[in-house]
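Asker: I'd like to ask you about the structure that follows.
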Amino acid sequence: MGDRGLALPWADGAFPPATLSERRAVWGHLMGLALHEATHALASDDVPVGAAVVSPDGRLLGLGHNRREETGDPTAHAEVLALRQAAASWGEWRLTGCTLVVTLEPCVMCAGALVAARVGRLVLGAWDPKAGATGSVWDMVRDQRAMHEVEVIAGVRADECAAVLQEFFAARR
Ligand code: ZN
């Protein structure tokens with residue numbers, strides 16, 4: 001994903017599109033990429049959460065899925081890994097104006113990471129009422145004390161995102 005990202009099926013300069021229905025379609029498409037990425041976690045019995053980062057002009061900069069079990073790394077959450085890959089593609093740590101798309105509401109660590117990376121927009125699928133840090137339990141991204149504010153678009157393909165997790169946990173009961 002070098003050369004500042006992989007082109008996705010929308011024209012440069014029109015990201016995100018102006019109309020609400022077109023924007024919804026774009027968020028849904030990006031969530032599809034994150035959902036697909038989430039399924040890669042299943043190979044290592046990791047909780048299936050997937051994330052994608054796109055540039056301000058709508059190019060794919062990074063993907064990540066939860067790899068805690070696979071790597072033994074407590075910080076190997078989907079969002080952190082996607083942000084790392086995105087920064088490498090983008091060529092710097094500041095991801096100003098970029099969008100992070102994730103199947104599950106970020107935890108405290110990941111919410112902090114996306115603020116630290118200066119991500120401009122968060123698109124999330126399912127809420128996490130137990131540990132969510134972008135609106136559920138905490139709101140780290142719209143805190144008045146935060147140095148940087150993130151636009152939050154929630155509930156994109158929420159049922160599908162939640163179903164992936166429910167199936168994973170149901171199979172382990
Ligand atoms: Zn996290």
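Asker: Any residue at all in region 21-36 that is polar (S, T, N, Q) and surrounded by fewer than 22 Cβ atoms within 10 Å (Cβ to Cβ)?
Answerer: yes
Asker: If we only count helices (runs of 4 or more DSSP H) wholly inside region 1-109, which ones have 3 or more residues that are touching a residue at least 60 places away in the same chain (Cβ under 8 Å) and closer than 18 Å to Glu151 by Cα?
Answerer: Those helices (runs of 4 or more DSSP H) span 20-39.
Asker: Something else about it: Tally time: how many residues in region 39-58 are over 21 Å from Ala111 (Cα atoms) and surrounded by fewer than 18 Cβ atoms within 10 Å (Cβ to Cβ)?
Answerer: The qualifying residues number 6.
Asker: For Ala146, state whether it is among the hydrophobic types (A, V, I, L, M, F, W, C), surrounded by 14 or more Cβ atoms within 10 Å (Cβ to Cβ) and at pLDDT below 95.
Answerer: Yes, satisfied.
Asker: Something else about it: Sort out which residues of region 111-133 are buried (at least 19 other Cβ atoms within 10 Å of the Cβ) and either assigned to a helix (DSSP H, G or I) or at pLDDT below 95 (or both), and write them in order of number.
Answerer: Of everything in region 111-133, those that are buried (at least 19 other Cβ atoms within 10 Å of the Cβ) and either assigned to a helix (DSSP H, G or I) or at pLDDT below 95 (or both) turn out to be Ala111, Ala113, Leu114, Val115.
Asker: Applying the selection to region 37-79, what residues are closer than 23 Å to Arg118 by Cα, among the hydroxyl-bearing types (Ser, Thr, Tyr) and away from the ligand (no atom under 14 Å from the Cβ)?
Answerer: Across region 37-79, the qualifying residue is only Ser55.
Asker: If I ask for residues that are farther than 21 Å from Val26 by Cα and either in contact (Cβ under 8 Å) with a residue 40 or more places away in the chain or within 15 Å of the ligand (Cβ to nearest atom) (or both), which ones from region 110-128 would you list?
Answerer: Cys110, Ala111, Gly112, Ala113, Val115, Ala116, Ala117, Asp128
The values are calculated or read from the model by the stated rules, or taken from the named source; none is laboratory data. Quantities reported herein were computed from a predicted structural model and do not represent experimental measurements. Cβ atoms come from the backbone with ideal geometry, glycine included; neighbour counts cover every protein chain shown.
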